[in-house]
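First up is the structure itself, then whatever we jot down about it.
The values are calculated or read from the model by the stated rules, or taken from the named source; none is laboratory data. This is a predicted model, so every value here is computed, not measured. As a convention, Cβ positions derive from the backbone with ideal geometry for all residues, glycine included, and neighbour counts pool all protein chains shown.
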Amino acid sequence: MDQTTPPNDTLATPVKQSRVALNVLALCFVLSVLGRGLSDSFTVFLKPISENFGWDRASVVSVYSLTWLASGLTAPLVGRLFDRSGPRVVYALGLALLGCAFLIASRAQQLWQFQLSVGLCVGFGTALIGNVSNSILLGRWFGPRLPTAMAVMYSATGAGLLVLLPLSQVLIDRIGWRDAYQVFGIGALCLLVPLVFLPWRLLAGGSPHIVKKAETGLIDEGWTLLAAMRHHAFWALFSTFFFTAIAMYALTAQIVAYLIDVGFPPLQAATAWGFSGVALFVGMLGVSTLDGIIGRRPSVLFSYGVSIAGIILLWLLQWYPNYWLLTGFVICFGSMIGSRGPLITAT
């Protein structure tokens, strides 16, 4: 605990509370950019790694699958660790895992080494600095305005793709994929220093009014995982997210490599898919707006229809590789890849 940080009673004025809340939001945004951007950078590394070792692409894609499997399965552990140890430990552990994972990957020689480092360790590290931790911390500051704060958080996904995917390709072109991984690893570890010395007692304390209201309104309804699993709503949500993730992320891992194979230059392929982050932000706003106009079910079905249209455009690119089809694919597929998640969760 940082003893030099003033207690929460110094946040008596609304101006000070708002300033700290915005700083917390900015911190969570940056961490989300790093987490999503670094984890998705493997879509750019896939082709050079598979070609370097002569591995078939299907085997190498297992690394990306493990990343998201580890990220999802460790989410409950992240929440428990956040409650027990606080954000300083959780975020520091996440950056340390990411940094060490990329440094190990830069020296990897076997597929299992990539699966362990870029797969499991990056997945766990991404979960530690991702939505679970950030939503808990933001909830302490934004209370009823949490949906707005989370919308900003979701936009970090797009920013991460837009910045780090083209950057990954530039580094690979100039210094090779091994040194590019070293740059990512050293960069993540260097960020540990300023992160550890942030005023965490202040940042983790939350707004006094929101925290007090949450404590007085807390009611234990006795819900457990086993109790939830007895309800059909749980399995409906589980199957929706599970099968949607399989369909979408089975493609995303290979999009950059596929675009290069059909004739687009590597940097253009990485940049094009990076712009899916911008499309995602627009898509989330659009689907949320549509929800208020035509209702939730039609909005969700519309988003699935647009995603399918994007997949068809991607399929057509193998015969007609042109920028019109590529732009249509990025807009259709990229804008919808995460847009329906908040609506389905809130159903």
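For the reader, a short list of remarks on this structure follows.
- Single residue of 77, 97 found to be surrounded by fewer than 20 Cβ atoms within 10 Å (Cβ to Cβ) and not β-branched (Val, Ile, Thr): 77
- The range 19-66, subset acidic (Asp, Glu) and surrounded by fewer than 18 Cβ atoms within 10 Å (Cβ to Cβ), residue nearest to residue 164 (Cα to Cα): 51
- Scope the range 51-73; condition without any contact (Cβ under 8 Å) to a residue 60 or more places away in the chain, in a helix (DSSP H, G or I) and over 14 Å from the mean Cα position of the chain (by Cα); matching residues: 51, 53, 58, 59, 60, 62, 63, 66, 73
- Qualifying residue in the range 261-271 (condition: assigned to a helix (DSSP H, G or I) and in contact with a Cys (Cβ under 9 Å, 6 or more places away or on another chain)): no
- Residue 300 vs. criteria touching a Lys or Arg at 6+ places or on another chain (Cβ under 6 Å), assigned to a helix (DSSP H, G or I) and not polar (S, T, N, Q): yes
- Pairs are defined by a Cβ separation below 8 Å, a sequence spacing of at least 6 or placement on different chains, a first member in the range 190-211 that is modelled with pLDDT of 95 or more, and a second member that is crowded, with 17+ Cβ neighbours inside 10 Å and among the aromatic types (Phe, Trp, Tyr); the pairs so defined are 195/91.
- Here residue 293 does not qualify as under 18 Å from residue 43 (Cβ atoms) and in a helix (DSSP H, G or I).
- From the options 125, 119, residue that is touching a Leu at 6+ places or on another chain (Cβ under 6 Å), crowded, with 24+ Cβ neighbours inside 10 Å and closer than 21 Å to residue 53 by Cα: 119
- Residues that are part of a helix (DSSP H, G or I) and either at positive phi or of a type in the set (Phe, Trp, Tyr) (or both) do occur in the range 161-180.
- Pairs, first more than 28 Å from residue 149 (Cβ to Cβ) in the range 115-131, second hydroxyl-bearing (Ser, Thr, Tyr) and surrounded by fewer than 24 Cβ atoms within 10 Å (Cβ to Cβ), C-beta under 7 Å, six or more apart: 115/62
- One residue stands out in the range 128-175 among those that are surrounded by 24 or more Cβ atoms within 10 Å (Cβ to Cβ) and of a type in the set (Val, Ile, Thr): the one that is farthest from residue 205 (Cα to Cα), namely 157.
- Residue check, residue 277 at pLDDT below 85 and either assigned by TED's automatic domain parsing to the domain that holds residue 45 or loosely packed, with under 15 Cβ neighbours inside 10 Å (or both): no
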